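Take a look at the structure below.
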Amino acid sequence: MKLTRKMVLSRAKASELESVRKLNCWGSRLTDISICRSLPSIEVITLSVNSISSLEPMSHCLTLSELYVRKNSISSLGELFYLKGLPRLKVLWLAENPCCGPNPRHYRMTVLRNLPGLHKLDNQTVTEEELSQALIEGEEITAAPARQASDHSHPELSCELSTVDSSADTESDLLRDSMEKTNKIREQLGMRPLPRDRFSSFTSRASVSNRKKRNNILSAVLLLLKELDTKELDVVQQAVGHRLQALRKPELPEEH
């Protein structure tokens, strides 16, 4: 079902779209919310329990401070790309969407890495410690989701995550990806990027495989550790502890 101008004005009790500040369409079987591109003054939108698959229309809502889209059909965390340009967004409820995946820790860290201005995520207060951990554990989303043809929505753009490219098929590709990932972390810590030749000793001579890719990443991380001071190593130690805990005993997302 498409969210129409008439529905918006009726729900918001407004006479024009430009004046709508709050909109509640909870449980309305919506699949198309393209009308949100025409809500320049919207501050709070409740769209939970629908069938929405894309957050692209939200990218036009520059005054948005609270977004509730729990229990929809959002399949990719790449959709967060559309929220990164919203300067006032403080509250996001995204839980119970397919994009949350089986690892709640990875999901939360990725959301906070891309939306560090959030005060609340899924009805849980965001802490300074989490924001620091998100820089290490979360994946950075640098482009919009991949295009998908649809009869009911606009084509979507391509998506890229700042992880080692799984399609890399040469040793030089692996080396370059490891170096870029390491230097990105160094930049976030205020450190100088390492020159390419510092990574040469970690190039694998064996055939490319998943294990070799992971070995290259591990080598880059070990090289980075040598450059960190005590305080920075404490942050890494905490991140590793949280990661191990998540891998050994995955937690279920809290019900609300």
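The values are calculated or read from the model by the stated rules, or taken from the named source; none is laboratory data. What you see is a predicted model; the values in this text were computed from it and never measured. Note that each Cβ is placed from the backbone with ideal geometry, even for glycine, and that neighbours are counted across all protein chains shown. Surface accessibility is based on the protein's heavy atoms, side chains included, excluding ligands, DNA and RNA. Shrake-Rupley method; radii C 1.70, N 1.55, O 1.52, S 1.80 Å.
Data overview
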item: Packing rank of 94-106, 230-242, 68-80, where each peptide gets the mean count of other beta carbons within 10 Å, highest leading; result: 68-80, 94-106, 230-242
item: Distance violations [Cα-Cα > 27 Å] among K13/K84; K2/K71; K90/K231; K2/K22; K22/K184; K6/K84; result: K13/K84; K90/K231; K22/K184; K6/K84
item: When the stretch 5-137 is reduced to its Cα atoms, the Kirkwood hydrodynamic radius in Å; result: 14.9 Å
item: Accessible-area value, W93, 1.4 Å probe, nucleic acids and ligands omitted, Å²; result: 40 Å²
item: Hull-based mean projected area of the stretch 62-155, where the convex hull spans the alpha carbons, in square nanometres; result: 6.2 nm²
item: Formal net charge of residues neighbouring L86 (Cβ-Cβ distance under 14 Å; K, R +1; D, E -1); result: 0
